[in-house]
1. Quick one: what are the phi-derived ³J(HN,Hα) couplings along the range 86-97, Karplus 6.51/-1.76/1.60 with θ = phi - 60°, whole Hz, x for glycine and proline?
2. Hey, if you put +1 on the Cβ of every Lys and Arg and -1 on every Asp and Glu Cβ in the range 2-103, which of Gly99, Val87, Ser42 ends up farthest toward the positive end of that dipole?
3. Using θ = phi - 60° and the Karplus curve 6.51 cos²θ - 1.76 cosθ + 1.60, what whole-Hz ³J(HN,Hα) does each residue of the range 14-28 get, with Gly and Pro shown as x?
4. By the gyration tensor of its Cα atoms, with a ≥ b ≥ c the square roots of the eigenvalues, what is the shape of the range 2-103: rounded for a/c under 1.5, prolate for a/b over b/c, or oblate?
5. List every residue whose amide H lies under 5 Å from the amide H of Glu80, counting only residues 5 or more places away in sequence or on a different chain, with H placed 1.01 Å from N in the peptide plane.
6. Is there a quick way to get the dipole size of the range 2-103? I mean about its Cα centre, with the Cβ of Lys and Arg at +1 and of Asp and Glu at -1; what is the value in debye to the nearest 20?
7. By per-residue mean of other Cβ atoms within 10 Å, what is the highest-first order of 52-62, 76-86?
8. Can you work out the Karplus-derived ³J(HN,Hα) for every residue in the range 65-71? Use 6.51 cos²θ - 1.76 cosθ + 1.60 with θ = phi - 60°, whole Hz, and x for glycine or proline.
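What follows draws every value from the coordinates through simple rules; no lab data is involved. Please read these numbers as outputs of a predicted model, since none were measured by experiment. All Cβ positions, glycine included, derive from the backbone under ideal geometry; neighbour counts span all protein chains shown.
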Amino acid sequence: MAWVILIVSGALEAVWASALSASKGLKKLWPSVLFVVSMCASMAGLAFAMTSIATGTAYAVWVGMGAVLTTVWAIVSKQERATVTRVLLLAGLVACVVGLKVVS
């Protein structure tokens, strides 16, 4: 269960990062509200997961998930370009996150 919550929390990290960008420096109300709510939920999920998953592993998975999903969202929404190098590096990051789960 902790792993599922950690994965969801990683996805929420991507939500709050994207909402923070969309809020334009916390000047737009609804993206700012989404930022605060998703950040609190993401942190709470990370805290819960860390009760049964090693801190280093949980944090690395949380950050890795957030980074990959935030970048994928930026590519899908045309804010960033998908280059071969970027896709390969993201795939490497995903492989590292999966590796952490396997060795835990």
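1. Along the range 86-97, the couplings run 4, 5, 5, 5, 5, 4, x, 5, 4, 4, 5, 5 Hz.
2. Val87
3. Values per residue, Gly and Pro as x: 5, 4, 5, 5, 5, 5, 4, 5, 5, 6, 6, x, 6, 9, 9 Hz.
4. Oblate.
5. Those lying under 5 Å, H to H, from Glu80 are Ile75.
6. 340 debye
7. On the way: 52-62: 16.9, 76-86: 10.3.
Averaged packing, sorted descending, gives the order 52-62, 76-86.
8. Rounded to whole hertz, the list is 4, x, 5, 5, 5, 5, 5.
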